[in-house]
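Report on the structure given below.
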Amino acid sequence: MDRDISAALSRTLASDLDFQGEFAFHKTLQDLGIVGLPLSPAVAQQVIAKCVQAPFGKGERTVVDKDVRDTWEMDALKVQFCNPAWNTFMDRVIREVCATLGVNFDASKPRAELYKLLVYETGSHSEKANGMFASIIVVLPSQFEGGDAYTSHAGVKRVFKSSRIHSMNHTSVLAWYTDVLHEIKPITSGFRFVLAYNLVHTTTSLRPALSSTDGATAKLRKIFHNYSMANLSASALKGSDAHIMALLDTLAKEIGFSLGLANLELRQSGAADDDGHDHYRRDKYGYGEEDSEDDQEVDFMEISDTTLEVSNFVDPEGHPIDDCDLQVDDDGSLQEEITANGDYEQDYEGYMGNVGHYRHSVLVIWPRWSSLGGGNSDRRAIGGLERLQMLDGDKPTAQELEDFQYLCGSVKYMTDEQETAMERLFGAAVTWNDVNLWTAACKACCGPDMSLSSLTEEDLQDACANFGFGVLAHSLGPVIVGHNSNVQRLEFIQSLQGLIGADEDSSESAEIDAFVTKMRTEVLDNLRQYSSAEELKTFTNEILTEGGAQMLRDRLLPQIEKLATVHNLVHLGQYLDWLHDLWTTNTAPVDDADKMACKEVITKLLEIIMRMKELFIPKTTNVTSDAHRSIYARQPPVPEGDPSTAIALIGQCLDYDNPQLAVKLVDQISTSAVQHANDPVKGQLVPGILLSLVPAAKRMFETCKPPLEAPVSLNKMAGTAIDTKFRLLAGTGLTAVKKEDVACMLDVAKGLDNAGALLERVISGLKALPWSDEGWAACLEEFHGRRTIGSSDLFNTLVPDMSKTYADKVALQRSAGYYGSSAHLSIEQLSPIMKLCYETGGAEVFSTLMGRVLGSTMPVESHLVPLILILKEMAGKYRVDLAVAPFASPIRDIVSKWMAVVLGKKPKLEQVKQYAEEVKKIRCSCAHCLQVVRFLQSPDQESSTLSRIGANAVKHVIGLQVGRMGRFVQYETVRTTPQSLKVQKNAEIVRASRWKGLLAKGRQVLQSIGDDPTLRNIWGNAYVSALGPLLTKEQLEYAQHPRKAAPVDPRDIIEIDSD
């Protein structure tokens, strides 16, 4: 078998077809005469006044757009010819045009029909127009310039000029096939006067008949016979001439293959081989401006991208073939062909590169068994339909019988023509009075997966009249029994009742009744695989009508159970709901046996669904694009179990009065959950399903009528949910625990007999995870929330223990950089921790936390002292006296730390007085000595440097001051150029000079705590001993003699004595 049919077709079409015609024609004639012409400008304007602007087709609309077609037209009905020689002239033109275009004049008998009279004035132009088979353009004598016709077909381009020096007394004739691309260039001066004719074939042939193709036809028949039988892919056939198309279509209808037409576009892009200075765009048909010396085609330096696309895929009749499977698998030959002969358009963008478009029309051929084009592309079947439509005898010819058999084999693949094919098959069998052919048509048109409605009542009446119902029943029985549609079988059987005539007592009527009864019994006892609830409803109604619920239970229910699969469970559930509603709303009296049968049917259907339905399924989520994220951050989402299916099924059992099945289902789910818990896939679904299912199921049992006790297996199910959840969280840390996860785990334990044990398991699971301050705090808040709303006394024991764990483990320092450094918590970070510990753990846990804070290395002034305000705020919020636990102790400790670290021991003030006296004795008024004196008198500075004052100045200052200030100050010469001098106070002098300021700051700290009575309450008997240095004389006096005078508020003190 020759598999390379593309090569064989090319050879045959290139060498054996003797068609030598042209796609266009042009000739200038001189012997016609003037015929009232030439057209003068004045007459031209008169003609235009009677014309309208020529429209053009745009999609399904006809529009006027002068940018596309700037032409005046007059309808043919308004044009008359007074010269008797005109018709003779046109007859001669038609024959000459046909000879040039390769049209067999005798076979096609073409006729020229005047279409329009056209006037092109200066500036007018026209693009492609649609004709019939071909168009003839007669350019009558007139003075004009321009209006050249540019034609293009199959890669060949031709230009016809009709504006010559003698256009005033010459008539030009142009003609071209309708699929030839053509464009009329603008008129540059004068008026162009045109008669447009449509060249119409008057025979039934699709295309012009070919003169001699016997040899090519034989070769093509052999090629396509092999092609139609072989399992090959579609191949492109070059050339789309009309005579080749007609020949191939004839063979397609004879042999059986498919044809289509399409546009093929090759797009190339890359760097242009030029100097980058000019920008040039070729026009639509590959032509530049006429006589332009600058027009040039820019070659590619390098082609970087090449695409080959197919568009406008249609069948020979022009109907679109919407098929996304049509792709180009090119070995290079198509590209070579289209670049050699296709229409070319170039977009040159200078430095941005060059883009070239090649366009070509192609003929597409593919076997009829291919899915390409759907079921409407089998030309052999279309030919058979055409021939069966014209039957004129009561016996089939060999060709008609072959067509009949071919259609029987292909009718099931048809789409648009399927109904027509069925009608003609049944009609042909009746016309030929052949019951065997009618039976064959039944098998072909009413196959197991086809519609029985294709056999209409009219077809049945005709067959019954011709063959008798007995013979008809012999043909219909196997069709009904073998069909796969439950509903169609019953409907078809019912339709047979329409065959009973007016005489219902006739033997044929009885025969029909017996056949219908037999087939009905056969169908009802042989339910096919059902794919909708409607099928079961139809069968149910039939059986309930015949024998009630007991027959439904005994006859249909076993079939439903046998055919139940995971694929039709949805339909089975819909059927169950319908059946329950049917029996619930039925007001007709029903005996006890039927009531019991109804309950048994409902129970059995529920058991079937319970046995087969998959309850551990993931939720359906919408996947959103994360293209903006780093590829290193992308991780597949963890599937979450969907509890809705299980909850709905439990509710269905309770609603349908089957509580025992609801309990059984809960037990079944609990057992399955344990089995799935360690499964790497289904184990991830267990928590999401059970954590929602347990409280929902408990609520359903408690609220049903009458209320029922929740199954004991819910306790086990809750434990499985909690354990599986923590098993999945193992290794992720508390940071992965969501607050809603904790809420679900607490909800699942609510109201269960083992609630206490379940809560302990939750806490144990949380403790086993890697620690996270934020994670534990979130869990603690959730637990505490349950305690505050009075959910259970269990939380009153568990929450303080969790709070104590938090107070013991919460970090007081956080990472502060990339190199492992850490920093103390800020006041803003520490405040919520303090409040959470107090709210959840009370005074004891709060004291534990404050003990850790005060025992840490937190800076006193920047961290600890500001906590006093936080403590005061908390005492006010929680309505606790600041002088009692747990707030008094940390306040005392903070003040004590401040006095020890910041204030320190009281300096020797006598030494300070001596220091001050010595400074006053420095009498030198030089700039350097004055600078040193100012430094010595400053209470804040510890050292000062006199930079680059020179050796003499250093020596002068040291010599003058060391003897007097040496006990209090160190003078150091710094070896710079020139020399510098560093003066440093000793520590005792510095502290003594700051003492007054420190006392003021300390008294401000006490002031931030409260008034004097508050301070005495906080410190009690240790008031004086602990705060002595910070107390004023009045405070000390009142502390010693409380009845003598009221203490002075520290805020009223303006000046503080140094002692």
Kindly indicate whether M858 is modelled with pLDDT under 95, buried (at least 16 other Cβ atoms within 10 Å of the Cβ) and under 20 Å from L1030 (Cβ atoms). no
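To keep it simple, each residue is scored yes or no on (1) modelled with pLDDT of 90 or more; (2) more than 23 Å from L248 (Cα to Cα); (3) in a helix (DSSP H, G or I).
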{"position": "L391", "(1), (2), (3)": "no, yes, no"}
{"position": "E402", "(1), (2), (3)": "yes, no, yes"}
{"position": "L407", "(1), (2), (3)": "yes, no, yes"}
{"position": "V430", "(1), (2), (3)": "yes, yes, yes"}
Could you check the range 378-414 and list, in sequence order, the residues that are surrounded by fewer than 16 Cβ atoms within 10 Å (Cβ to Cβ) and among the charged types (D, E, K, R)? E386, D392, D394, K395, E402, K412
Take the residues in the range 50-69 that are more than 16 Å from L195 (Cα to Cα), open to solvent by less than 80 Å² (accessible area, probe 1.4 Å) and not in a loop (DSSP other than H, G, I, E, B), then tell me which one is modelled with the highest pLDDT. F56
Of the residues E910, E917, which is open to solvent by 70 Å² or more (accessible area, probe 1.4 Å), over 17 Å from V969 (Cβ atoms) and not in a loop (DSSP other than H, G, I, E, B)? E910
Assuming H863 fulfils every condition listed in (1) within 21 Å of A823 (Cα to Cα); (2) open to solvent by 50 Å² or more (accessible area, probe 1.4 Å); (3) not hydrophobic (A, V, I, L, M, F, W, C) apart from one, which condition is it? (2)
Can you name every residue in the range 94-117 that is modelled with pLDDT of 85 or more and surrounded by 17 or more Cβ atoms within 10 Å (Cβ to Cβ)? I94, V97, C98, P110, A112, L114, Y115, K116, L117
So is F795 touching a Phe, Trp or Tyr at 6+ places or on another chain (Cβ under 7 Å), open to solvent by less than 20 Å² (accessible area, probe 1.4 Å) and without any contact (Cβ under 8 Å) to a residue 40 or more places away in the chain or not? yes
If only one of G155, G123 is at pLDDT below 85 and closer than 21 Å to Q45 by Cα, which one is it? G123
Here are K518, K562: which of them is under 28 Å from D462 (Cα atoms) and either among the hydroxyl-bearing types (S, T, Y) or in a helix (DSSP H, G or I) (or both)? K518
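Surrounded by fewer than 20 Cβ atoms within 10 Å (Cβ to Cβ), touching a helix residue (DSSP H, G or I) at 6+ places or on another chain (Cβ under 9 Å) and within 23 Å of F467 (Cβ to Cβ): which single residue out of E417, E423 fits that description?
One residue alone meets the criteria, E423.
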Scope the range 977-1022; condition under 30 Å from F935 (Cβ atoms), among the polar types (S, T, N, Q) and touching a Pro at 6+ places or on another chain (Cβ under 9 Å); matching residues: S993, Q1004
Looking only at the range 568-585, count how many residues are touching a residue at least 24 places away in the same chain (Cβ under 8 Å) and not in a helix (DSSP H, G or I). 1
Filter pass, G470 being surrounded by fewer than 15 Cβ atoms within 10 Å (Cβ to Cβ) and assigned to a helix (DSSP H, G or I): yes
The range 543-561, subset open to solvent by less than 50 Å² (accessible area, probe 1.4 Å), at pLDDT 95 or above and not hydrophobic (A, V, I, L, M, F, W, C), residue nearest to the chain's Cα centre (by Cα): Q559
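Quick one: would you say R975 is touching a Ser or Thr at 6+ places or on another chain (Cβ under 7 Å) and either within 27 Å of L909 (Cβ to Cβ) or open to solvent by 50 Å² or more (accessible area, probe 1.4 Å) (or both)? First the steps, then the outcome.
Values: touching a Ser or Thr at 6+ places or on another chain (Cβ under 7 Å): no; either within 27 Å of L909 (Cβ to Cβ) or open to solvent by 50 Å² or more (accessible area, probe 1.4 Å) (or both): yes.
Here the answer is no, as R975 does not meet what is asked.
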Which of (1) at pLDDT 90 or above; (2) in a helix (DSSP H, G or I); (3) open to solvent by 30 Å² or more (accessible area, probe 1.4 Å) does P770 not meet, given it meets every other one? (2)
Of the criteria (1) over 19 Å from W432 (Cβ atoms); (2) modelled with pLDDT of 85 or more; (3) not aliphatic (A, V, I, L, M), which one R387 fails: (1)
Output for the range 722-755, where each listed residue is in contact with a Lys or Arg (Cβ under 8 Å, 6 or more places away or on another chain), assigned to a helix (DSSP H, G or I) and open to solvent by 40 Å² or more (accessible area, probe 1.4 Å): D723
If a residue has to be of a type in the set (K, R) and either at pLDDT 90 or above or assigned to a helix (DSSP H, G or I) (or both) to count, how many in the range 890-907 make the cut? 2
Can you tell me which residues in the range 1002-1045 are outside any helix (DSSP H, G or I), of a type in the set (G, A, S) and closer than 23 Å to L871 by Cβ? G1010
Residue among A1045, A951, A1039, A987 that is modelled with pLDDT of 90 or more and surrounded by fewer than 17 Cβ atoms within 10 Å (Cβ to Cβ): A951
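The values are calculated or read from the model by the stated rules, or taken from the named source; none is laboratory data. Keep in mind it's a predicted model, so treat the numbers as computed, not measured. Don't worry about glycine lacking a Cβ; one is built from the backbone with ideal geometry, like all the others, and counts go over all protein chains shown. For the accessible areas, the whole protein counts, side chains as well, though only heavy atoms, and no ligand, DNA or RNA atoms are used. Shrake-Rupley method; radii C 1.70, N 1.55, O 1.52, S 1.80 Å.
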